[in-house]
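The numbers here are math on the coordinates, done by the rules we state, and not lab data. The shown structure was predicted, so the numbers you read here are calculated from the model rather than taken from an experiment. Ideal geometry is used to build each Cβ from the backbone, glycine not excepted, and the neighbour counts take in all protein chains shown.
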Ligand SMILES: Nc1ncnc2c1ncn2[C@@H]1O[C@H](COP(=O)(O)OP(=O)(O)O)[C@@H](O)[C@H]1O
Ligand SMILES: [Mg+2]
């Protein structure tokens, strides 16, 4: 068992599962939380992650296969994607694919809530969405639009002015989703952000 990543809430281990390389994601206790609440949150997020990953798999979205889940030990075991995070290999074609995958995920009514270039892995030119801990079942288009907004922010913050990448992402989205409707909602989110920033300026 080898620790390969340690995030804010989970440890990721490379393990063997029935002779296959696999990833074990374990949510560790947080000492600053009340123990009962801590258990509740970790179990909820682990269940949520397993549930939404399964839903994504059923919808044909490219995510690691779920091998096993243990909700008493806050563990999930899944397929090991031996690749790189999207931000390391970013290009237009991948962003188009990231748009298509997101539309497919939205079609099975899952909003990811942390859809950034760090939470997509690329292996042999194929993209896989990971990190479903905050993902939710929802029919609300506004929650889905937040995923789009976050992804566009996540690559534009590192590559400002890459409008053609934004266009490619939307093109990908339009393959399986209603890009025109979502574009209006993303505009609304951006206006809200600006409104808050303006208000902050006047207050401080
Ligand atoms: N199925 C997987 N295959 C390969 N690497 C993975 C897999 N799942 C997670 N990782 C690695 O572990 C890191 C953290 O996992 P993630 O699920 O994003 O948890 P966190 O909530 O800590 O961000 C990822 O950025 C990736 O490098
Ligand atoms: Mg992550």
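Using a Gaussian network model on the chain with a 10 Å cutoff between Cα atoms, which of 52, 117, 138 fluctuates the most?
So, out of 52, 117, 138, the one fluctuating most is 138.
How high is the relative contact order of region 2-79? Use alpha-carbon pairs under 8 Å, at least six apart in sequence, and give a whole percent. Could you put the intermediate results ahead of the total?
Values: 107 pairs, mean separation 20.6, N = 78.
Result for region 2-79 is 26 percent.
Would you mind computing, in nm to one decimal, how far apart the modelled labels at residue 188 and residue 34 are, each placed 7 Å from Cα along Cα→Cβ?
My value for the distance between the label points is 3.6 nm.
Of all DSSP beta bridges located in region 2-79, what percent are antiparallel, nearest 5?
Details: 21 of 21 bridges.
Of the beta bridges lying entirely in region 2-79, close to 100 percent run antiparallel.
What FRET efficiency would be calculated for the residue pair residue 47, residue 163, taking the C-beta separation as r and a Förster radius of 35 Å, to the nearest 0.05? Show your work: numbers first, answer last.
On the way: r = 40 Å, r/R0 = 1.14.
E(calc), rounded to 0.05, equals 0.30.
Between residue 92 and residue 156, with labels modelled 7 Å along Cα→Cβ, what's the label distance in nm to one decimal, could you check?
Placing both labels 7 Å along Cα→Cβ, they lie 1.8 nm apart.
Take the Cβ-Cβ distance between residue 178 and residue 65 as r, set R0 to 25 Å, and report the resulting FRET efficiency rounded to the nearest 0.05. Don't skip to the end; give the middle numbers.
Working: r = 29 Å, r/R0 = 1.16.
Calculated transfer efficiency: 0.30.
Would you mind checking the tilt of helix 179-203 against the longest principal axis of the Cα atoms of the chain, expressed as 0 to 90 degrees and rounded to 10?
So the helix axis and the longest Cα principal axis differ by about 80 degrees.
Take the alpha carbon gyration tensor of region 2-79, find the square roots of its eigenvalues, order them as a ≥ b ≥ c, and report rounded if a/c is under 1.5; if not, report prolate when a/b exceeds b/c, else oblate. Numbers along the way, then the final one.
On the way: a/c = 2.25, a/b = 1.40, b/c = 1.61.
Judged from the Cα gyration tensor, region 2-79 comes out oblate (a/c at least 1.5, b/c at or above a/b).
Using a/c under 1.5 as the rounded threshold, could you call region 70-172 rounded, prolate or oblate? The axes a ≥ b ≥ c are square roots of the C-alpha gyration tensor eigenvalues, and prolate needs a/b larger than b/c, oblate otherwise.
Values: a/c = 1.98, a/b = 1.29, b/c = 1.53.
Here region 70-172 falls in the oblate category.
Checking a compactness column here: for the chain, what do you get for Rg(Cα) / (2.2 N^0.38 Å), N being the number of residues?
1.08
Which of these, 27, 183, 51, has the largest mean-square fluctuation under a Gaussian network model of the chain (Cα springs below 10 Å)?
Its mean-square fluctuation being the largest, the pick is 183.
What is the order of 87, 94, fewest Cβ neighbours within 10 Å to most? Present the calculation step by step, with values, prior to reporting the outcome.
On the way: 87 16, 94 22.
Ordered from fewest to most neighbouring Cβ atoms within 10 Å, 87, 94 come out as 87, 94.
For residue 1 and residue 17, compute 0.36 nm times the residue count separating them, minus their Cα-Cα distance, and round to one decimal in nm.
Working: separation 16, 0.36 × 16 = 5.76 nm, distance 1.06 nm.
Extra length from residue 1 to residue 17 when fully extended: 4.7 nm.
Please check: in the Gaussian network model of the chain (C-alpha springs, under 10 Å), which one of 144, 91, 25 has the largest mean-square fluctuation.
Residue with maximal mean-square fluctuation among 144, 91, 25: 91.
For Cα pairs less than 8 Å apart in space and 6+ apart in sequence, what is the mean separation divided by the residue count of the chain, i.e. the relative contact order in percent?
Working: 317 pairs, mean separation 38.5, N = 204.
Taking the mean separation of contacting Cα pairs over the length of the chain, I get 19 percent.
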